[in-house]
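To start, the structure itself, in structure tokens.
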Amino acid sequence: MGQAWWRRPSALPLALLVMALCIIIAGGTIRINDAGESCPDWPQCFGTWGFDVSADEQGAYWAENPDEIDSRGIEHRYTSLEIFSEWFHRLLVGIIAIPILFNVILARRMKETYGETVYLSTLFSGVLLVVQALVGALTVSMDNIDWSVALHLSLASIFTSSFLFQYFAMRKAEDSKWDLFEMNPEFVSANKTRVDAMVGAVFSLLVLGAWVSSTAGGQYNQGCSVGFPNGWPKCNGTLLPSFDGPGVLVQMIHRFGAVLVGLVLVSGSARLRSEARIHEVTPLFGRITDFAAGLWILNVLVGGSYIVLADMESFPEWVSLLHLIFGISCFLVAVSASFFLRLSQGRPPTEEE
């Protein structure tokens with residue numbers, strides 16, 4: 001197809017990918033503002049459909065609905081900015097439902113062109129949106145309990161990656177000449193498990209990160225100490241601290257998990273580059289996995305700076321949001337490699353191979 005990229009039907013999943021990322025960033029903004037309970041009910045917010053809820057109106061709502069009072073108690077009041085961040089997050093979820101419905105309809109109508117796989121991927125993303133909304137409601141009702149927050153981010157990551165898969169699958173159906181769609185089948189079969197392990201490692205670290213952010217250990221003054229080097233790379237002045245209390249335990253699991261993920265990414269990417277040369281596969285594939293490993297290294301430094309900078313008077317909360325963005329980006333890059341392996345048309349080995 002000779003159309004400009006924004007005129008192709010495959011531009012729709014790209015737009016949905018951007019919207020899904022915006023929803024994740026909005027969710028991260030809620031967390032750094034500590035505003036996860038700023039709308040105590042769902043789908044409304046303090047019994048209204050708006051976000052401009054005064055302190056008196058909040059008090060009146062909690063007096064009428066004592067079961068909705070969160071862990072901060074009846075005396076706590078949220079700012080307009082905190083309420084808006086939660087309200088806006090829900091608004092984005094509502095808005096994306098419209099193009100997702102259109103996405104399913106379009107894929108069904110163009111099934112002959114794009115195939116059953118693309119159509120099923122649109123149904124999958126639609127179902128995930130509904131599930132995500134229900135998990136969001138569960139998170140609110142359970143006062144942001146750690147496992148529900150981790151589940152919410154996990155599903156959001158899968159939801160976002162579904163649009164990436166749809167885009168790649170549609171480009172393949174549009175007869176794109178990308179070398180990544182024509183990889184040696186021997187290379188594909190030999191490395192599919194390795195790449196999946198890399199994806200799984202990054203995904204597991206994302207879940208651990210959400211767990212950290214939603215427990216006592218997620219507050220930088222309630223787990224490991226702060227500052228350099230006693231807060232990071234050490235914890236409370238030692239590399240192997242006492243695990244008394246859940247905060248330290250959760251943070252150390254996350255840190256050791258980051259080390260293991262790094263080993264999987266760096267060693268896996270090095271092996272993939274070697275295999276790509278042997279099977280004469282496009283070097284672009286190795287660059288994708290190298291990029292994922294590079295994002296992991298960068299995110300380790302960002303995560304460390306979050307602990308180090310906490311020792312300063314003007315602590316930049318945006319560093320925590322940046323940590324989330326790099327984590328999601330690392331996952332999406334890694335999962336792209338897995339998608340390309342599955343979508344590759346393959347080519348017969350040459351006589352030399």
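The values are calculated or read from the model by the stated rules, or taken from the named source; none is laboratory data. From a predicted model like this one, the values you see are computed outputs, not experimental measurements. When we count neighbours, we look across all protein chains shown, and the Cβ atoms used for this are built from the backbone with ideal geometry, even at glycine.
Data table
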{"quantity": "From Ile83, Ile100, Ile105, residue being surrounded by 16 or more Cβ atoms within 10 Å (Cβ to Cβ), within 30 Å of Val127 (Cα to Cα) and either modelled with pLDDT of 95 or more or in contact with a Gly (Cβ under 6 Å, 6 or more places away or on another chain) (or both)", "calculated": "Ile100"}
{"quantity": "Set Ile24, Ile30: member being buried (at least 17 other Cβ atoms within 10 Å of the Cβ), within 25 Å of the chain's Cα centre (by Cα), under 13 Å from Phe88 (Cα atoms) and at pLDDT 90 or above", "calculated": "Ile24"}
{"quantity": "Qualifying position, being among the hydrophobic types (A, V, I, L, M, F, W, C) and not in a loop (DSSP other than H, G, I, E, B), among Ala35, Ala63", "calculated": "Ala63"}
{"quantity": "Flag for Leu128 being surrounded by fewer than 21 Cβ atoms within 10 Å (Cβ to Cβ), under 28 Å from Ser38 (Cβ atoms), in contact (Cβ under 8 Å) with a residue 24 or more places away in the chain and touching a helix residue (DSSP H, G or I) at 6+ places or on another chain (Cβ under 9 Å)", "calculated": "yes"}
{"quantity": "Criterion: in contact with a Pro (Cβ under 7 Å, 6 or more places away or on another chain) and of a type outside the set (Asp, Glu) - qualifying residue of Val259, Val281, Val248, Val226", "calculated": "Val248"}
{"quantity": "Scope the range 181-198; condition surrounded by fewer than 22 Cβ atoms within 10 Å (Cβ to Cβ) and part of a helix (DSSP H, G or I); matching residues", "calculated": "Phe181, Pro185, Glu186, Val188, Ser189, Ala190, Lys192, Thr193, Arg194, Asp196, Ala197"}
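For every residue, the table says whether it meets (1) assigned by TED's automatic domain parsing to the domain that holds Pro185; (2) farther than 27 Å from Ala169 by Cα; (3) crowded, with 20+ Cβ neighbours inside 10 Å; (4) at pLDDT 90 or above.
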residue	(1), (2), (3), (4)
Gly262	yes, yes, no, yes
Phe285	yes, no, yes, yes
Gly294	yes, no, no, yes
Val300	yes, yes, no, yes
Trp318	yes, yes, no, no
Leu322	yes, yes, no, yes
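For every residue, the table says whether it meets (1) among the aliphatic types (A, V, I, L, M); (2) surrounded by 14 or more Cβ atoms within 10 Å (Cβ to Cβ).
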site	(1), (2)
Lys234	no, yes
Leu239	yes, no
Leu249	yes, yes
Met252	yes, yes
Phe256	no, no
Leu265	yes, yes
Ser269	no, yes
Ala276	yes, yes
